[in-house]
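Before any comments, here is the structure.
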Amino acid sequence: MAASTVGPEIEKLIQALSRLPGLGPRSARRAALALIKKKETLLVPLANAAREAAEAAKVCSLCGNIDSRDPCSVCSDPSRDPSTIVVVEDVGDLWALERAAATKARYHVLGGVLAPLDGIGPDDLAIDSLLGRAAAPEVTEIILAVNATVEGQTTAHYLTDELASCHVQVTRLAHGVPVGGELDYLDDGTLAAAMRARTAF
């Protein structure tokens, strides 16, 4: 966008929005325009919420979740099963599992996956703290809920080896046909994984 089209304050808003995942320069301009057109009902509440979140956001010292308190709401919940820890790559994965109400276990956020080509090794992830938590006497199962990517599976294999000395059961999420999925639209890897993990009907 030409510098003379909008003032620097609006251009700054557009640039900030364009850095969000899923928003390119055009989408950011449309979003900025929509916010400005409804300044009182959209832009001002968003600005206030963003400021409050920036001041309140904390990383949980136990699991790595992002919340407004430490320990986070999940770790502070007494109804959670302390015997099971679900290991996820990122906070977004934790939130997705919570949204699906898939488990009442506790979580551990790795902060990424092993990616040697990108310079990300074991020391760059929250692996040591996971091993410490897994060694607790009440923990009996670690569920590896990492993505089904090459890096995710490499990380899962590494964690399985590291957790061997903790005497816990290590499991992983099932891979295969999604609910509502049509076979013709699935990739070959998903179909092969589904066939290998077939169960009794």
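The values are calculated or read from the model by the stated rules, or taken from the named source; none is laboratory data. The model shown is predicted, which means the values in this text are computed figures rather than measured ones. Because the Cβ atoms are built from the backbone with ideal geometry, glycine has one as well, and the counts that use them run over all protein chains shown. The accessibility values were calculated without ligands, DNA or RNA, using every heavy atom of the protein model including side chains. Shrake-Rupley method; radii C 1.70, N 1.55, O 1.52, S 1.80 Å.
Remarks
- Angle in degrees between helix 8-18 and the longest Cα principal axis of the chain, rounded to the nearest 10: 20 degrees
- Ordering HIS108, ILE66, LEU46 by the projection of their Cα atoms onto the charge dipole of the stretch 26-126, which places +1 on the Cβ of Lys and Arg and -1 on the Cβ of Asp and Glu, puts LEU46 at the extreme positive end.
- The magnitude of the dipole of the stretch 43-201, with charges of +1 and -1 set on the Cβ of Lys/Arg and Asp/Glu and taken from the Cα centre, is near 500 debye.
- 5 angstrom amide H check on LEU144, placed H, neighbours 5+ away: VAL87, THR171, ARG172, LEU173
- Span from the the stretch 123-201 Cα centroid across to the the stretch 3-67 one, whole angstrom: 35 Å
- Amide H to amide H distances under 5 Å link ALA105 with ASP81, where only residues 5 or more positions off or on other chains count and H is placed in the peptide plane.
- Amide H partners (placed H, <5 Å) of LEU62, local residues excluded: CYS72
- Portion, in percent, of the accessible area of the chain that falls on carbon or sulfur, probe 1.4 Å: 58 percent
- Rounded, prolate or oblate (a/c below 1.5 giving rounded, otherwise prolate when a/b exceeds b/c) for the stretch 81-182 by Cα gyration tensor: oblate
- GNM on the chain, alpha-carbon springs under 10 angstrom: the most fluctuating residue among ASP118, ASP184, ASP90 is ASP184.
- Area accessible to solvent at THR160, 1.4 Å probe radius, in Å²: 60 Å²
- Taking every protein chain into account, the accessible area of the chain amounts to 65 square angstrom per residue (probe 1.4 Å).
- Calculated from backbone phi, Karplus (6.51, -1.76, 1.60) coupling profile of the stretch 32-37 in Hz, x at Gly/Pro: 4, 5, 4, 5, 6, 4
- Of GLY189, GLY112, GLY92, the one that fluctuates the most in a GNM where the chain has Cα springs shorter than 10 Å: GLY189
- Annotation note: trypsin sites (Lys or Arg not before Pro) in the stretch 98-160 located in DSSP loop regions with a Cβ neighbour count of at most 14 within 10 Å are LYS104.
- Taking the average, over residues, of other Cβ atoms within 10 Å as the packing measure, peptides 43-53, 58-68 rank 58-68, 43-53 from highest down.
- Along the stretch 188-194 the Karplus relation, 6.51 cos²θ - 1.76 cosθ + 1.60 evaluated at θ = phi - 60°, assigns HN-Hα couplings of 4, x, 5, 4, 5, 5, 5 Hz to successive residues, with x for each Gly and Pro.
- Here the Karplus relation 6.51 cos²θ - 1.76 cosθ + 1.60, evaluated at θ = phi - 60°, turns the backbone of the stretch 111-120 into coupling constants of x, x, 9, 5, 8, x, 5, 9, x, 9 Hz, with x for every Gly and Pro.
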